[in-house]
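Working notes, beginning with the structure itself.
The values are calculated or read from the model by the stated rules, or taken from the named source; none is laboratory data. Computed from a prediction, not measured in an experiment: that's the story for all the values here. When we count neighbours, we look across all protein chains shown, and the Cβ atoms used for this are built from the backbone with ideal geometry, even at glycine. Keep in mind that these areas ignore ligands, DNA and RNA; they rest on the heavy atoms of the full protein, side chains included. Shrake-Rupley method; radii C 1.70, N 1.55, O 1.52, S 1.80 Å.
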Amino acid sequence: MLTVASDIEVLARFGRALADPIRCRLLLALREAPAHPAELADALGISRTRLSNHLACLRDCGLVVAVPVGRRSRYELADERLGHALDDLRNAVVAVEADKSCPDAETRDCC
């Protein structure tokens, strides 16, 4: 049964999804259009196994859904508003000064 997550849980799930560059690229690709896993793997230049792991994470976070199409599945954003949220986040990040990163950015690969 699906339940509505609290505001904190929603933000934590979104943060977990965005914590990995491949998942970010995957969300941006799905923002453009729904796609089948093979197409996504080719577009991102990663193996299907690796893609599958990232799609599972995004499904667990509630950000993408698999839509059955015949014997295959097509992936898409779970809610069209996520595309708008991704645009808003990209615009907010662009506003950050490039020379002002956290002191641990290079050693921790965090920023």
Give the residues of the range 33-52 that are within 17 Å of Leu18 (Cα to Cα) and either within 11 Å of the chain's Cα centre (by Cα) or open to solvent by 70 Å² or more (accessible area, probe 1.4 Å) (or both), sorted by residue number. Arg50
With the condition kept exactly as written, say whether any residue in the range 53-68 is open to solvent by 50 Å² or more (accessible area, probe 1.4 Å), of a type in the set (A, V, I, L, M, F, W, C) and assigned to a helix (DSSP H, G or I). no
Determine the pairs where a residue that is over 17 Å from Glu80 (Cβ atoms), located within the range 54-70, has a partner that is open to solvent by less than 10 Å² (accessible area, probe 1.4 Å) and modelled with pLDDT of 95 or more with Cβ atoms under 6 Å apart, the partner being 6 or more residues away or on another chain. His54/Leu26
Counted residues, the range 69-79 - those being part of a strand (DSSP E or B), under 15 Å from Ala17 (Cβ atoms) and open to solvent by 40 Å² or more (accessible area, probe 1.4 Å): 1
